[in-house]
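First up is the structure itself, then whatever we jot down about it.
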Amino acid sequence: MKQSAIVVAVTLAASSAFSVPAMARDTLYIVGSSTVFPFSTAVAEALGRSKKGIKTPKVESTGTGGGMKLFCAGVGINHPDITNASRAIKASEYETCQANGVKEITEVKIGFDGIVIANSKTSGRWDLNLKDLYLALAKDVPDGKGGFQPNPYKKWNEVNPDLPDLKIEVLGPPPTSGTRDAFVELAMEGGCNSISEIKALKKTDEKKHKAVCQGIREDGAYIEAGENDNLIVQKLIANPSALGIFGYSFLDQNTDKIQGSKVNGVEPKYETISTGQYPISRSLYFYVKNAHLESFPAIKDYVTEFTSDKAWGPNGYLADKGLIALPDAERKAIAQKARAFTPMEKPSH
Amino acid sequence: MNKPAPQITPTGRPNPVDIVRASLKRRYARERRFRWLGATAVLIGLLCVVLLFADIILKGYTAFQQTYIRLPIALEAESIDPEGTGARAAIEDADYLALIRNALFELFPEVRDRQERRLLTSIVSVGAPNLVREYVLAHPDRIGTTQEIWVPATADIDMLMKGHINRDLPEAERRVKDQTLGWIDRLAAEGRIAKRFNTPFFVNGTSREPELAGIAGALMGSFYTLLLTLILSFPIGVGAAIYLEEFAPRNRWTDLIEININNLAAVPSIVFGLLGLAVFIGFFGMPRSTPLVGALVLTLMTLPTIIIASRAALKSVPPSIREAALGVGASSLQTQFHHVLPLAMPGMLTGTIIGMAQALGETAPLLMIGMIAFIVDIPQGFTDMATVLPVQIYLWADSPERGFVERTSAAIMVLLAFLFAMNLAAVLLRRRFERRW
C-alpha cells in the first residue's frame, strides 16, 4: 500500500512539473488600453489582411496601467512590442522601463477621444457645465461656510436652477476604468476649479484639494454600471431621465437612440472634439519598444499602417470606429517622427 | 364545524388523540403553504430562465443570417492574370477590390463624384475582395468572364436590412444616409440583395468588422483548452480520489488535505489565474495566451470538483464488493481497479463533465494569463495563441458596433448549446450506468 502511494505521488509531481521552453513568436504582441483596443485591432486586422507573410498581431486588452507594467517589464520575446494608452506615459512608468532595459521608446499620439454625457432621445437635450457636473457628482461639496459637507443634492435643480427638476441619476464607469480616470481628471477637476474657494485650496492643502476634486459620491446618485458601455446605452434607453458617461464611439454608433449633452455650451461632435472646443476630451497614444525593431520588423509595417491617412485620417477607417483625428499638420509631423522611431524624452511628470 | 372540546380522561389529562386532531388542520395548512412556496420558487426560477433564453434568442437569431449583395464582377484576365500563366501566386496577388469597385460603378453609372464613389464602395464589406479571390482560385477557368458573385454587405447595411436601423429618423441621426438608402432600395428591387445563411460566423476567426466576425477561432481555442484540461485533470483527480479514499491512512495529514481540497473548490477562480501567471508563465516560462497555460489553470480549478465527486462515487460502492474481492484473493490494487473503479466510474464521469462545463464557461482566470485578446488566426494546436468562447462573448459585448449585439447573443447560444450537450451527457451517463444497491 505504501508503495502505491509513492507511485501516485511521483506521477502527480511529474505530471505537474513538465515545463515548456520559451517558444519563438511570429506575431506582434500588443497590450494596453481598452479604449485604444478597437482602433489597435482594426489596424492589426488591416495589416494581416493586406500584407502577405505578416500574421495578424495579437492585441490584449489589459488597461493602460496594466499594459505599461507588461511593456516596461523587459526586452525579449515574452514581452510586448507595443502598448496602447489612453493617457501619456508617466515619469514613474518611464523610469521602470529604463530600469528594466527598455531604453528607447517611441511615443505616437494617435488622436482624441471625447467623453460624452448622454441621455435618451425621448427626452430633451441637456445643457450642462462642468461646475454642475462637479456639484452633482462629487462626494463632498463646499458648505458655503468655508468647510465641506457630504453632497446634499438630490435633484438637478438644486445644483443649478436652470436644470430640470429631476433626480440626479448618472450611470458611469467604475474606478478601474480609464474612462473614469479621464472623466475625473477633465470634468470633475475642471468643475471644481471653477469654484474659487476650492481653487484657493490647491495652494494651501494640495492633498485635501485632490480628495475634494476627485471623490465621486457613493450614495446611489452615481451608479457604477460596469465596464460595458453598451450596457449603459441600453439602460439610458430604458430610463429617459438618467444620464450616462461613456466614450464618444458609443454615441457615434447610437445616434438614433441617444444624444450627447452640451457641456459648457458645446455639443460633443466630431468637429468640436477635434478642435478641442469640447471640454472633456483626451489624447490617445501608443508606445513602441525600439529594441524590438530588429527582431520584429513587422512593427514598422504596423506603425506605417496606423499612421497612414487611410487609417487615422479624418476619412480613414479608424474615424469610422470613432477615433477623432488629429489636425492635419500635427498628424504629418507625428507620422514622420513615428516612422523614423525617434525615441521620446523622459516625461516631466 | 364545531371543534369538539377535549375530553378529559379519568386521569385528568387531555386525550392525546384529541390533541392530534385539533392540530391536524393547522399542520395540513402548513404543508400546503410549504408546497405552494416551493412551487412558486421553481416557477420564478423557470420564468427567469425563459426570459433569459427568450431575450438571447430574440436578439441573436438574426445573426445566423447575413446580408449579401450579388454583383456582376468582370473577372478580367488582364487585371487578374496579366501574363496568362495561370500561376497561383499571380492570381493571389491581383487587386480584387478594384474588380468589385468596377462592378459597383457599372451598376450605378450615374455616381461619378470621388466622395460618392467612396460611399458606394463602402456598402460592400472589406472582406469581399478575399471572397472573390477564393472564388477565382477555386474556378481559375472562369477568368475572362463576368460572374454574378454574392459578396457580404457591410455591417451597417446588414443592420438596415434586419430592421435595426429606423428609416424614419432624420438623416443626421442615422448611420445609413439617404443616398445609400436609395442605392440599397434599387439593389433590392433588382433582386441583388438578400439574406443568406451566415457561414462566415462559423468558419471565421474574430474580426473588427461584425459582418466578418466568426466564432471558429474561439471554438477551437475552447476545444484545445478543454481537451488538455480533461487529459490532465481526469487522471490526476481520479487518482487522488482513489488514494485518499481507499489507501490513505486516516490521520491529521489526510484530514488537512481533505479540508484543503474542500476549501479549494470554493476559491474564486481569478486566484487560479494569478497563480497560473506567477507559476506557469513567470516561473516555467510557458507562452502567454495559449491553450496550454489556460488548460493548466483550468485543471487546477476543476481538480477539487473532480476529486470531491470521485470520492463520493467511491464511497457509494458498497464495502461488500471490496470484501468479496479480497476474500477470493485479489490484491488491494486489483480490488480497486477490477471491481470498485468500474462501479464508481459513472459518478466520476458525471463529476468530470460538470467540472468541464464549469471550465468551458470560465473567463476570470484566463484574464490574467492573456487569453482576453484579439486573435484573428484560428489556433492549430496547444501552443498557438488563442481565446475561448466566453472571452469572445465578453469582447463582443464590449464593442461599440451595433452588429456585434446580435453576434454576442448568437455566440451565447452556441456556448449554451455546448453546455447543454455536456450536461445532458452527464445525465445520460448516470442513467445508463449507475447501479443502485
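The values are calculated or read from the model by the stated rules, or taken from the named source; none is laboratory data. Here the structure is a predicted model, which is why all the values come from computation and not from measurement. Here Cβ is always computed from backbone atoms with ideal geometry, including for glycine, and neighbour counts include all displayed protein chains.
Scan segment A:275-323 for residues that are within 14 Å of chain B (Cβ to nearest Cβ), assigned to a loop (DSSP other than H, G, I, E, B) and of a type in the set (A, V, I, L, M, F, W, C) and the total you get is 1. Scanning segment B:92-115 for residues that are surrounded by 11 or more Cβ atoms within 10 Å (Cβ to Cβ), more than 22 Å from B:Gln66 (Cβ to Cβ) and within 13 Å of chain A (Cβ to nearest Cβ) yields B:Glu92, B:Asp93, B:Ala94, B:Asp95. Each residue in segment A:192-242 was checked for being within 24 Å of A:Pro268 (Cβ to Cβ), of a type outside the set (Phe, Trp, Tyr), within 20 Å of the chain's Cα centre (by Cα) and away from chain B (no Cβ under 14 Å), and 5 of them qualify.
Restricting segment B:116-128 to residues that are in contact with an Asp or Glu (Cβ under 8 Å, 6 or more places away or on another chain) and either surrounded by fewer than 17 Cβ atoms within 10 Å (Cβ to Cβ) or modelled with pLDDT under 90 (or both), which is farthest from B:Gln179 (Cα to Cα)? It comes out as B:Gly127. Is it fair to say B:Val293 is within 22 Å of B:Gly355 (Cβ to Cβ), at the interface with chain A (Cβ under 10 Å from one of its Cβ atoms) and touching a Phe, Trp or Tyr at 6+ places or on another chain (Cβ under 9 Å)? Spelling it out, B:Val293 is indeed within 22 Å of B:Gly355 (Cβ to Cβ), at the interface with chain A (Cβ under 10 Å from one of its Cβ atoms) and touching a Phe, Trp or Tyr at 6+ places or on another chain (Cβ under 9 Å).
Scanning segment A:44-65 for residues that are among the polar types (S, T, N, Q), touching a strand residue (DSSP E or B) at 6+ places or on another chain (Cβ under 9 Å) and not in a loop (DSSP other than H, G, I, E, B) yields a single hit, A:Thr64.
If you check B:Thr145 against the conditions, is it among the β-branched types (Val, Ile, Thr) and either under 18 Å from B:Phe404 (Cα atoms) or within 14 Å of chain A (Cβ to nearest Cβ) (or both)? No, not satisfied. Residues in segment A:262-276 that are surrounded by fewer than 22 Cβ atoms within 10 Å (Cβ to Cβ) and farther than 20 Å from A:Ile110 by Cβ: A:Lys262, A:Asn264, A:Gly265, A:Val266, A:Glu267. In this entry, B:Thr229 passes the filter for residues that are closer than 30 Å to B:Ala344 by Cβ and either within 14 Å of chain A (Cβ to nearest Cβ) or in a helix (DSSP H, G or I) (or both). Selection within segment A:41-66: residues that are over 19 Å from the mean Cα position of the chain (by Cα) and β-branched (Val, Ile, Thr). The member of this set that is nearest to the other protein chains (Cβ to nearest Cβ) is A:Thr56. All of B:Ile281, B:Ile270, B:Ile257, B:Ile308 fail the test of being among the hydrophobic types (A, V, I, L, M, F, W, C) and under 22 Å from the mean Cα position of the chain (by Cα), apart from B:Ile270.
Within segment B:242-251, one or more residues are in the same structural domain as B:Val317 (by TED's automatic domain parsing), in contact (Cβ under 8 Å) with a residue 24 or more places away in the chain and surrounded by fewer than 18 Cβ atoms within 10 Å (Cβ to Cβ). Of the residues making up segment A:15-34, those that are modelled with pLDDT of 85 or more, of a type in the set (Ser, Thr, Tyr) and either more than 23 Å from A:Ile110 (Cα to Cα) or not in a strand (DSSP E or B) (or both) are A:Thr27, A:Ser33. When the strands (runs of 3 or more DSSP E) confined to segment A:169-251 are screened for residues that are touching a strand residue (DSSP E or B) at 6+ places or on another chain (Cβ under 9 Å), closer than 23 Å to A:Ile324 by Cβ and touching a residue at least 40 places away in the same chain (Cβ under 8 Å), those reaching at least 1 such residues are found at A:170-172, A:243-247.
Yes/no matrix, rows are residues, columns are (1) assigned to a helix (DSSP H, G or I); (2) more than 26 Å from B:Leu314 (Cβ to Cβ); (3) within 10 Å of chain A (Cβ to nearest Cβ); (4) modelled with pLDDT under 90:
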residue: B:Thr206; (1), (2), (3), (4): no, yes, yes, no
residue: B:Thr225; (1), (2), (3), (4): yes, yes, no, no
residue: B:Trp253; (1), (2), (3), (4): yes, no, no, no
residue: B:Leu256; (1), (2), (3), (4): yes, no, no, no
residue: B:Phe280; (1), (2), (3), (4): yes, yes, yes, no
residue: B:Val297; (1), (2), (3), (4): yes, yes, no, no
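In segment A:76-90, how many residues are more than 26 Å from A:Ile324 (Cα to Cα) and either without any contact (Cβ under 8 Å) to a residue 12 or more places away in the chain or not in a loop (DSSP other than H, G, I, E, B) (or both)? So the count comes out to 1. All conditions but one from (1) out of contact with any Lys or Arg (no Cβ under 8 Å at 6 or more places or on another chain); (2) surrounded by fewer than 14 Cβ atoms within 10 Å (Cβ to Cβ); (3) in a loop (DSSP other than H, G, I, E, B) apply to A:Ala333; the one that does not is (3).
Yes/no matrix, rows are residues, columns are (1) under 30 Å from A:Thr342 (Cα atoms); (2) touching a helix residue (DSSP H, G or I) at 6+ places or on another chain (Cβ under 6 Å); (3) crowded, with 22+ Cβ neighbours inside 10 Å:
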{"position": "A:Ala91", "(1), (2), (3)": "yes, no, no"}
{"position": "A:Lys121", "(1), (2), (3)": "no, no, no"}
{"position": "A:Asp143", "(1), (2), (3)": "no, no, no"}
{"position": "A:Tyr153", "(1), (2), (3)": "no, yes, no"}
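Scanning segment A:104-116 for residues that are among the polar types (S, T, N, Q), under 23 Å from A:Pro279 (Cα atoms), in contact with a strand residue (DSSP E or B) (Cβ under 9 Å, 6 or more places away or on another chain) and surrounded by 21 or more Cβ atoms within 10 Å (Cβ to Cβ) turns up nothing.
Does segment A:67-75 contain any residue that is out of contact with any Gly (no Cβ under 9 Å at 6 or more places or on another chain), under 22 Å from A:Ser295 (Cβ atoms), within 11 Å of chain B (Cβ to nearest Cβ) and not in a strand (DSSP E or B)? Show your work before the answer.
Initial filter on segment A:67-75 (out of contact with any Gly (no Cβ under 9 Å at 6 or more places or on another chain)): A:69, A:72-73.
Still in the list and also under 22 Å from A:Ser295 (Cβ atoms): A:69, A:72-73.
With the extra rule that they be within 11 Å of chain B (Cβ to nearest Cβ), the set shrinks to A:73.
So of that shortlist, the ones also not in a strand (DSSP E or B) come out as A:73.
The answer is yes, given that some residue of segment A:67-75 is out of contact with any Gly (no Cβ under 9 Å at 6 or more places or on another chain), under 22 Å from A:Ser295 (Cβ atoms), within 11 Å of chain B (Cβ to nearest Cβ) and not in a strand (DSSP E or B).
For (1) surrounded by fewer than 19 Cβ atoms within 10 Å (Cβ to Cβ); (2) within 14 Å of chain A (Cβ to nearest Cβ); (3) not charged (D, E, K, R), each residue gets a yes or a no:
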residue: B:Leu366; (1), (2), (3): no, yes, yes
residue: B:Gly370; (1), (2), (3): no, yes, yes
residue: B:Phe374; (1), (2), (3): no, yes, yes
residue: B:Ile393; (1), (2), (3): no, yes, yes
residue: B:Ala425; (1), (2), (3): yes, no, yes
residue: B:Leu429; (1), (2), (3): yes, no, yes
residue: B:Arg432; (1), (2), (3): yes, no, no
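Those helices (runs of 4 or more DSSP H) of segment B:78-183 in which 2 or more residues are over 23 Å from B:Leu212 (Cβ atoms) and free of Cβ contacts under 8 Å to residues at least 12 places away in the same chain occupy B:88-93, B:114-121. Listed by first and then second residue, the pairs with beta-carbon distance under 7 Å, at least 6 apart or on different chains, first residue in segment B:254-283 and in the same structural domain as B:Ala295 (by TED's automatic domain parsing), second part of a loop (DSSP other than H, G, I, E, B) and hydrophobic (A, V, I, L, M, F, W, C), are B:Thr254/B:Ala248; B:Gly273/B:Ile369; B:Gly276/B:Ile369; B:Leu277/B:Ile369; B:Phe280/B:Met286; B:Ile281/B:Ile369.
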